[in-house]
Amino acid sequence: MKKEDISGFIVYLVIIILAVVFGVTVLQQHVYESTLTGFYYILYIIGSVAIGTIFNGILFEVAHVVGAKIGKYDIISVNILGLCFYKEEGKIKVRFKSYDGLTGETKIIPKEGMIEKANPYPYLLFGSLFYAIEAAIVMVIFSIFRVSENLALRDVAYAVLIIGAIGLVILFYNILPFRIDSITDGYRITMVSNPKNRAAFNELLKVDYLIKQGHTDIEVRIFDEITNFTADLNLNKVYALLDKRSYKEAEEILDKIIDAKEEIDEKVYIRARAQKIYISIINKDLSEAREYYDKEVPVSERREISNDVSMASIRAYLLMSGLLDKSRSECLIALNKVYKAFKRTPKNRQSTEVMLFNEALQKVIDAHPDWELEGYRLKITN
């Protein structure tokens with residue numbers, strides 16, 4: 001189990017425990033005071049939770065939007081519980097889309113000419129600020145309505161308290177200073193506290209946006225100091241170099257990322273290692289590639305590469321299995337995941353990935369013509 005998976009499990013367990021404690025303390029007391037009973041009380045709780053989730057989801061993304069504007073960023077899209085608002089040809093459009101977060105995600109890009117100056121702190125901190133305001137309002141309403149002689153207002157008081165409690169859960173999740181199943185504001189804050197990371201954060205926002213917009217010739221800045229943000233950027237540069245067959249330059253960048261293993265996320269590290277393995281097998285004598293594989297790639301990392309659903313890892317896994325381990329069954333495991341990984345590849349990179357993957361596949365086919373792998377070649381479909 002990955003470190004992020006363990007952290008995520010612990011976080012969700014804590015959230016469940018907090019919810020149970022809230023239920024058996026605060027809400028249990030309310031059960032005896034409420035004008036609602038049985039099925040209607042259950043509907044009251046479900047409705048309060050639903051309203052709280054929607055309200056706080058909106059509140060946190062509004063906070064992100066306001067913070068981004070103050071920090072000199074443009075808004076690309078705002079996603080609240082899967083409902084994504086974005087601009088296209090000057091018009092606001094809406095569609096359902098997945099997001100990276102607990103209740104939503106606001107995507108931003110530095111304003112033109114503001115890569116060095118755009119400040120991410122308001123964007124990352126305003127969620128906490130807005131919740132502090134919400135918490136104050138919740139406590140005022142609860143304190144007033146809780147002692148009202150009108151029993152219906154007492155029900156309103158506890159509904160408001162539930163809304164505030166859900167906001168607290170979202171805040172707790174968002175301020176965690178480590179990576180779990182999504183990238184939290186707290187994690188980003190720990191990253192951008194380093195001034196070099198701040199520049200890399202802004203550069204990465206720009207590069208990701210341009211890639212998703214279909215730009216192909218993007219000038220990617222290279223960072224010598226390796227962190228999660230700078231490693232992500234440098235891996236973008238590696239991709240461009242692979243497209244040009246500039247293997248030596250790509251390896252130099254990858255070696256710096258691999259050497260900084262303790263400073264970066266496991267996923268970033270594993271994909272850098274996968275690209276290095278790919279280059280070793282594609283561009284070097286097989287005996288030299290095997291020596292690198294045997295000496296430098298432990299079994300644990302080989303396993304991580306085999307489990308990672310990304311084109312970089314699948315290409316490496318295919319070559320490892322076909323040419324070094326000589327296992328057809330392992331090759332088929334890699335090949336059966338390739339379409340899922342390919343769908344996740346940005347459109348403008350797909351032609352490059354088709355070339356890189358098919359080159360790896362052909363190398364395995366040439367070595368094992370009787371394995372019948374020809375049907376797994378990728379192609380671009382319009």
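Derivation of every value follows stated rules applied to the coordinates shown; laboratory data play no part. Note that the coordinates shown come from a computational prediction; the quantities given were computed from them, not determined experimentally. Note that each Cβ is placed from the backbone with ideal geometry, even for glycine, and that neighbours are counted across all protein chains shown.
Which numbered condition in (1) in a helix (DSSP H, G or I); (2) within 30 Å of Val207 (Cβ to Cβ); (3) in contact with a helix residue (DSSP H, G or I) (Cβ under 6 Å, 6 or more places away or on another chain) is the only one that Thr345 fails?
The number of the failed condition is (1).
For region 330-382, how many residues are under 28 Å from Gly214 (Cα atoms) and of a type in the set (Val, Ile, Thr)?
Within region 330-382, residues that are under 28 Å from Gly214 (Cα atoms) and of a type in the set (Val, Ile, Thr) number 6.
Looking at this structure, is Glu33 over 22 Å from Glu134 (Cα atoms), surrounded by fewer than 17 Cβ atoms within 10 Å (Cβ to Cβ) and without any contact (Cβ under 8 Å) to a residue 40 or more places away in the chain?
no
Against the condition within 30 Å of Ile108 (Cβ to Cβ), in contact (Cβ under 8 Å) with a residue 24 or more places away in the chain, loosely packed, with under 15 Cβ neighbours inside 10 Å and under 29 Å from the mean Cα position of the chain (by Cα), how does Ile70 come out, does it pass?
For Ile70, the condition - within 30 Å of Ile108 (Cβ to Cβ), in contact (Cβ under 8 Å) with a residue 24 or more places away in the chain, loosely packed, with under 15 Cβ neighbours inside 10 Å and under 29 Å from the mean Cα position of the chain (by Cα) - is met.
Where residues in region 136-180 are of a type in the set (Lys, Arg) and over 28 Å from His64 (Cα atoms), which of them is surrounded by the fewest Cβ atoms within 10 Å (Cβ to Cβ)?
Once the filter is applied, the top-ranked residue is Arg146.
Taking the criterion of being more than 23 Å from Ala260 (Cα to Cα), in a helix (DSSP H, G or I) and not aromatic (Phe, Trp, Tyr), would at least one residue in region 275-284 satisfy it?
Scanning region 275-284, I find at least one residue that is more than 23 Å from Ala260 (Cα to Cα), in a helix (DSSP H, G or I) and not aromatic (Phe, Trp, Tyr), so the answer is yes.
For region 138-196, which positions are among the aliphatic types (A, V, I, L, M), under 23 Å from His30 (Cβ atoms) and without any contact (Cβ under 8 Å) to a residue 40 or more places away in the chain?
Val138, Met139, Val140, Ile141, Ile144, Val147, Leu153, Val156, Ala157, Val160, Leu168
Just to be sure, is Glu353 more than 24 Å from Tyr247 (Cα to Cα), surrounded by 14 or more Cβ atoms within 10 Å (Cβ to Cβ) and touching a helix residue (DSSP H, G or I) at 6+ places or on another chain (Cβ under 6 Å)?
Here the answer is no, as Glu353 does not meet what is asked.
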